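Right, one structure below, let's go through it.
The values are calculated or read from the model by the stated rules, or taken from the named source; none is laboratory data. Note that the structure is predicted; figures quoted are calculated from it, not measured. Glycine also receives a Cβ, built like all others from the backbone with ideal geometry; neighbour counts cover every protein chain displayed. Side chains included, ligands, DNA and RNA excluded: accessible areas come from the protein's heavy atoms. Shrake-Rupley method; radii C 1.70, N 1.55, O 1.52, S 1.80 Å.
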Amino acid sequence: MLTVASDIDVLARFGRALADPIRCRILLALRQAPAYPADLADRLGISRTRLSNHLACLRDCGLVITAPDGRRTRYELADERLGHALDDLRAAVVAVEADKTCPDAESKGCC
C-alpha cells in the first residue's frame with residue numbers, strides 16, 4: 001500500500017503526464033532517442049507552440065530534461081528507466097486487456 005506522500009506524488013505526476021495522448025506520443029518518441037523540439041513537432045504533426053506547452057508539462061513532472069547542444073536544446077527522458085517503465089506499463093495494459101477477467105466487461109464496458 002502506498003502511504004508515503006512522495007510515492008503518491010510521483011505516481012500522480014506520472015499519471016498526469018500520461019493523461020494526454022500528445023504527451024504519451026512525446027514520451028514514446030523520446031524513448032527511442034533524444035530529440036530537438038522542431039524535429040519532434042514535425043514528427044508528431046503538431047505546432048511548435050503546442051509541443052512547447054506539453055514539453056513544459058513533462059519537465060514539470062520530472063520526466064524529461066533538457067540538454068544544451070550549441071545554440072539548440074535537446075530533450076530526452078530524465079532517466080533511461082522511464083523508457084523501460086513505459087514499455088512495462090504498455091505490456092501490462094495489453095496483457096490485462098487480453099485477459100478480460102472481469103465478467104461484466106462486455107455488458108457494462110467497465111474494464
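Restricting to the range 13-58, name every residue that is in contact with a Pro (Cβ under 8 Å, 6 or more places away or on another chain) and of a type in the set (Lys, Arg). Lay out the reasoning, then the answer.
As a first pass, look at the range 13-58 and keep what is in contact with a Pro (Cβ under 8 Å, 6 or more places away or on another chain): 48, 51-52, 55.
Once the filter is applied, which keeps residues that are in contact with a Pro (Cβ under 8 Å, 6 or more places away or on another chain) and of a type in the set (Lys, Arg), the range 13-58 yields only ARG48.
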> Only one of (1) under 16 Å from the mean Cα position of the chain (by Cα); (2) on the phi < 0 side of the Ramachandran plot; (3) open to solvent by 30 Å² or more (accessible area, probe 1.4 Å) is not met by LEU27, so which one is it?
Replying inline: (3)
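Only one of these is acidic (Asp, Glu) and surrounded by 13 or more Cβ atoms within 10 Å (Cβ to Cβ): GLU97, GLU80, GLU76. Name it.
Working: GLU97 fails: surrounded by 13 or more Cβ atoms within 10 Å (Cβ to Cβ); GLU80 fails: surrounded by 13 or more Cβ atoms within 10 Å (Cβ to Cβ).
Of the residues listed, the single one that is acidic (Asp, Glu) and surrounded by 13 or more Cβ atoms within 10 Å (Cβ to Cβ) is GLU76.
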